[in-house]
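Student: Quick one: structure below, then a few questions.
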């Protein structure tokens, strides 16, 4: 979808002014999202390739070049952070979208970064949400490299908006407590092996709970 630069200019806000334009509640959302990133800094996420269909993968190198890769970070049964990474090899663009979710599953913030080498444009979008409703969006763009921006060559792929974790399209979205409850060997001698298979990517807090039982 071609998006005219005039639309971008209408919505654009100069990057140095972003912080001064933010209200206290937006700053609070930023702090919450920074906390999430810090919590999962050393966590191995679940990875999916898609979207037709979405499948869980262990080896990112096995994904096709035009596949979208999704990283899902969860704290026990709660999905907190999702990262989509996609590219268009023919259109020469790359895009990353971060979704941050609150404890109740609703979205708190969506950050989108699009690099278009063909148009020499880097587009940044940041959207804030409260109670499942959008409250503010900032858009900024600048030249990706030397030379002028060429909006006529901007092929904007857009990206989905997931208003809650219930909208996420990934199969078997992590809900580890339900998985554990359904294990037939829960009371049997093979429990540790099964738990190791099911919970290999679960944060360390979950392992601590299991070891204490």
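Student: Taking R0 as 22 Å, what FRET efficiency do you get between residue 158 and residue 136 from their Cβ-Cβ distance, rounded to the nearest 0.05?
Tutor: After rounding, the FRET efficiency stands at 0.70.
Student: Treat each spin label as a single point 7 Å out from the Cα along the C-beta direction, and report the residue 25 to residue 150 distance in nm.
Tutor: 4.3 nm
Student: Using just the C-alpha positions of the range 40-166 as equal point scatterers, what log10 of I(q)/I(0) does the Debye formula give at each q in 0.09, 0.22 1/Å?
Tutor: Result of the Debye calculation: -0.29, -1.28.
Student: Determine the gain in length on full extension of the stretch residue 78-residue 118; use 0.36 nm per residue of separation and subtract their C-alpha separation, reporting nm with one decimal.
Tutor: Difference between extended and current length: 10.5 nm.
Student: A further question follows. Each label point is 7 Å from the Cα along the Cα-to-Cβ direction; what then is the distance between the points at residue 34 and residue 96, in nm?
Tutor: 1.8 nm
Student: Which FRET efficiency value, to the nearest 0.05, do you get for residue 111 and residue 56 by plugging their Cβ-Cβ distance into 1/(1 + (r/R0)^6) with R0 = 22 Å?
Tutor: 0.35
Bear in mind that the values in this text are calculations on the coordinates, not laboratory data. Treat the numbers as computed from the prediction; the structure is a model and nothing was measured. Counting neighbours? That spans all protein chains shown, and the Cβs are built from the backbone with ideal geometry, glycine included.
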